[in-house]
Amino acid sequence: MLRRLPRPSFRVWLFLLLVILGGLIAWLDPWQAPAPGPVPTDEAGEPDYYLEQAQLTRFDATGLAHQRLESPRLVHTPHDDVTRAVTPLAHLIDRDNRRWEASGEEGRLGPGGNPLTLSGDARLFAPEERWQLDTETLHFDANVGHAWSDTPALLQQPPQHMRGERFDAWIHDNRARLTDNVRGHHVPEGTQSGQADAVNLEDFTP
């Protein structure tokens, strides 16, 4: 005569269920998104947020995009309302929809997102005009479209190049000016090298 085996108890079923659930979690774990890195610290204080692989767009009063900032990491500190960026690349858009590019090793957006300060091998590039400015620190006021540098600057538009102690550019007017102890190779009419107090971008053409 065959004897019936006793039914598994509730504890056995519960144990089997836990084993299956544990196996399922172990199988799904490698597919989970990696945990975020440690919260960054900053000498300015504890940040309230940070963004990785960030693309930040600012709009003017009419709702048009006029500044885009790309960075591997943005960190915002609330007590001074400052945003700091690592190796930022800024796309500046003027009223005629011309595109300018600015970059640096470090970036800083002031309270309210303005002005933008780029430091460490800072560069301003005008693709349409093919001129390029290299300096240590570059500032940009998006409200008025004014870029400037108070550190020695090199302005290039091959085959011309000029150096000066201060640089100003007004992107909406497509104007730029290099001032104070300006020297280098400038070709307005023919070839010449020398020194001047200032040079305007209008004369700085190939």
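Residues that are in a loop (DSSP other than H, G, I, E, B) and either closer than 22 Å to Leu64 by Cα or of a type in the set (Phe, Trp, Tyr) (or both) within segment 99-120 comprise Gly110, Asn114, Pro115, listed in sequence order.
Scanning segment 77-131 for residues that are on the phi > 0 side of the Ramachandran plot and among the hydroxyl-bearing types (Ser, Thr, Tyr) turns up just one, Thr87.
What about Val144, is it more than 24 Å from Ser71 (Cα to Cα) and free of Cβ contacts under 8 Å to residues at least 40 places away in the same chain? Against the criterion (more than 24 Å from Ser71 (Cα to Cα) and free of Cβ contacts under 8 Å to residues at least 40 places away in the same chain), Val144 does not qualify. If we scan segment 60-71, do we find a residue that is hydrophobic (A, V, I, L, M, F, W, C), out of contact with any Phe, Trp or Tyr (no Cβ under 7 Å at 6 or more places or on another chain) and at pLDDT 85 or above? Within segment 60-71, one or more residues are hydrophobic (A, V, I, L, M, F, W, C), out of contact with any Phe, Trp or Tyr (no Cβ under 7 Å at 6 or more places or on another chain) and at pLDDT 85 or above.
Close Cβ contacts (under 7 Å, 6 or more residues apart or on different chains) running from residues in segment 57-82 that are open to solvent by 60 Å² or more (accessible area, probe 1.4 Å) to residues that are polar (S, T, N, Q) comprise Arg68/Gln55; Arg68/Thr57; Glu70/Gln55.
If you check Val182, Val144 for being crowded, with 18+ Cβ neighbours inside 10 Å and over 16 Å from Gln132 (Cβ atoms), only one passes: Val182. Of all residues being assigned to a strand (DSSP E or B) and open to solvent by 10 Å² or more (accessible area, probe 1.4 Å) in segment 121-130, which is farthest from Gln157 (Cα to Cα)? Just the residue, please. Within segment 121-130, the match that is farthest from Gln157 (Cα to Cα) is Asp121. A single entry from Leu92, Leu138, Leu133 fulfils the requirement of being touching a His at 6+ places or on another chain (Cβ under 8 Å), part of a strand (DSSP E or B), crowded, with 20+ Cβ neighbours inside 10 Å and at pLDDT 90 or above: Leu92.
The values are calculated or read from the model by the stated rules, or taken from the named source; none is laboratory data. Since the model is a prediction, treat every value here as computed from it, not as a measurement. Don't worry about glycine lacking a Cβ; one is built from the backbone with ideal geometry, like all the others, and counts go over all protein chains shown. Accessible surface is based on the protein model in full, side chains and every heavy atom, while ligands, DNA and RNA are left aside. Shrake-Rupley method; radii C 1.70, N 1.55, O 1.52, S 1.80 Å.
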